Amino acid sequence: MSHHLSSLTQSPTLILQKLESDLCARHDVQLDIVRLDLVDETISGNKWFKLKHNLSAARELNYKRVLSYGGCHSNHLHALAAAGKRFGFETIGVVRGDEPLTYSATLQDLLKYGMDLKFISRERYRDKNAQGSISALEKEFGEFFLIPEGGSNLLGVKGCAEMVSLLWDQPATKIDYLVLGCGTGATLAGAVVGAGGRCKVLGISALKGADYLNDNVLSLISSFNRSQSCAGLSIGEWRIIHDYHFGGFAKIKPELVQFMDAFSIDTGIPVEPLYVGKTLFAVYDLIKTGQIPNGARIVVVHTGGLQGVRGMRLQMQKQRDRI
Ligand SMILES: *Cc1c(COP(=O)(O)O)cnc(C)c1O
């Protein structure tokens with residue numbers, strides 16, 4: 001395993017896998033999936049791309065410690081803890097909610113990777129970005145490089161933009177639609193600038209009533225453009241679809257679990273329900289209902305997050321029992 005940060009800043013090869021099905025054949029669509037779940041063994045999915053420039057910046061500014069935030073199943077904290085261990089940063093994870101009696105599989109991994117955990121109440125978590133709240137953490141842990149929740153800052157957007165632009169490394173690439181799940185929308189913002197108008201980008205919201213998302217993505221795109229001083233950068237059509245949250249974040253339904261089980265059996269590709277399962281369900285439904293037109297070339301992003309499945313097993317089994 002390399003401990004050099006250069007392996008973080010290098011661009012990995014993206015694995016694209018063709019998804020064939022009767023549905024795709026009937027609608028004459030070509031569907032490929034980008035396997036970000038395979039990008040790294042432990043620093044999984046889109047979180048890898050959001051972290052790379054953040055950690056490079058931390059290193060450049062001589063920070064030894066990196067702090068960030070997340071829930072007790074957080075893919076972001078998991079990726080950060082693993083990256084910290086590999087690249088030689090101390091990591092601090094500020095976790096939403098009181099310390100549980102039994103640690104989730106994710107929390108156990110965070111400890112294993114050597115992350116310091118700080119549990120704060122849900123109320124305090126809501127105020128986490130207030131200066132007072134950050135000063136208190138600095139008093140407790142010393143100075144640190146702060147990465148916001150989900151790694152969703154400008155440096156995160158930059159990494160995602162680079163990832164998406166790799167899709168056009170092959171000159172013959174033609175994509176009509178790029179589809180990916182969104183939570184904070186930073187990955188979507190990166191996808192929009194990375195695509196640079198070469199395709200339409202659709203974000204599938206994993207949260208209910210996520211009206212903030214559009215503004216989030218817009219402001220990330222415009223600050224990205226300002227930071228690159230290329231205001232003339234081409235921005236293509238993009239849109240967030242709110243019809244596939246299945247009741248809200250981390251909520252699932254029998255038909256989603258049924259779809260995911262069938263998908264994994266058909267393709268051999270493991271998926272997690274919070275983002276990837278919902279996004280794939282959406283893609284097939286958009287094809288079925290003609291919202292993505294016949295003949296389209298579609299690329300859907302598997303944003304990873306498989307470690308989080310461990311926290312969803314029981315809930316998924318309950319849904320299967322209801323089928
Ligand atoms: C965090 C995460 C997302 C959401 O990314 P945002 O940039 O916050 O929109 C999507 N998929 C998976 C698997 C994730 O872990």
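The values are calculated or read from the model by the stated rules, or taken from the named source; none is laboratory data. Not measured: the values here are computed from a predicted model. Counting neighbours? That spans all protein chains shown, and the Cβs are built from the backbone with ideal geometry, glycine included.
Within region 135-172, how many residues turn out to be farther than 12 Å from residue 195 by Cα, over 12 Å from the mean Cα position of the chain (by Cα) and among the β-branched types (Val, Ile, Thr)?
1
Among the residues of region 103-128, which ones are among the aromatic types (Phe, Trp, Tyr) and part of a helix (DSSP H, G or I)?
Hit for region 103-128 is 125, nothing else.
Only one of these conditions is not met by residue 102: (1) surrounded by 23 or more Cβ atoms within 10 Å (Cβ to Cβ); (2) at pLDDT 95 or above; (3) of a type in the set (Ser, Thr, Tyr); (4) out of contact with any strand residue (DSSP E or B) (no Cβ under 6 Å at 6 or more places or on another chain). Which number is it?
Just one mismatch for residue 102, condition (1).
Per-residue answers, yes or no, for (1) at pLDDT 95 or above; (2) part of a helix (DSSP H, G or I); (3) among the aliphatic types (A, V, I, L, M):
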position: 143; (1), (2), (3): yes, no, no
position: 150; (1), (2), (3): yes, yes, no
position: 156; (1), (2), (3): yes, yes, no
position: 171; (1), (2), (3): no, no, no
position: 179; (1), (2), (3): yes, no, yes
position: 189; (1), (2), (3): yes, yes, yes
position: 194; (1), (2), (3): yes, yes, no
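Return only the number of the condition from (1) part of a loop (DSSP other than H, G, I, E, B); (2) in contact (Cβ under 8 Å) with a residue 24 or more places away in the chain that residue 229 does not satisfy.
(2)
Quick check on my filter: what residues within region 265-311 are away from the ligand (no atom under 12 Å from the Cβ), in contact (Cβ under 8 Å) with a residue 12 or more places away in the chain and among the aliphatic types (A, V, I, L, M)?
269, 282, 283, 286, 287, 292, 296, 298, 299
Can you find, within region 196-226, the residue that is farthest from the ligand (Cβ to nearest atom) among those that are among the small types (Gly, Ala, Ser) and not in a loop (DSSP other than H, G, I, E, B)?
222
Could you check, for region 233-253, whether at least one of its residues is surrounded by fewer than 16 Cβ atoms within 10 Å (Cβ to Cβ) and assigned to a helix (DSSP H, G or I)?
no
Confirm whether residue 37 is within 16 Å of the ligand (Cβ to nearest atom), at pLDDT 95 or above and among the acidic types (Asp, Glu).
The answer is yes for residue 37.
Scan region 291-318 for residues that are touching a helix residue (DSSP H, G or I) at 6+ places or on another chain (Cβ under 7 Å) and in a loop (DSSP other than H, G, I, E, B) and report the count.
Residues in region 291-318 being touching a helix residue (DSSP H, G or I) at 6+ places or on another chain (Cβ under 7 Å) and in a loop (DSSP other than H, G, I, E, B): 5 in total.
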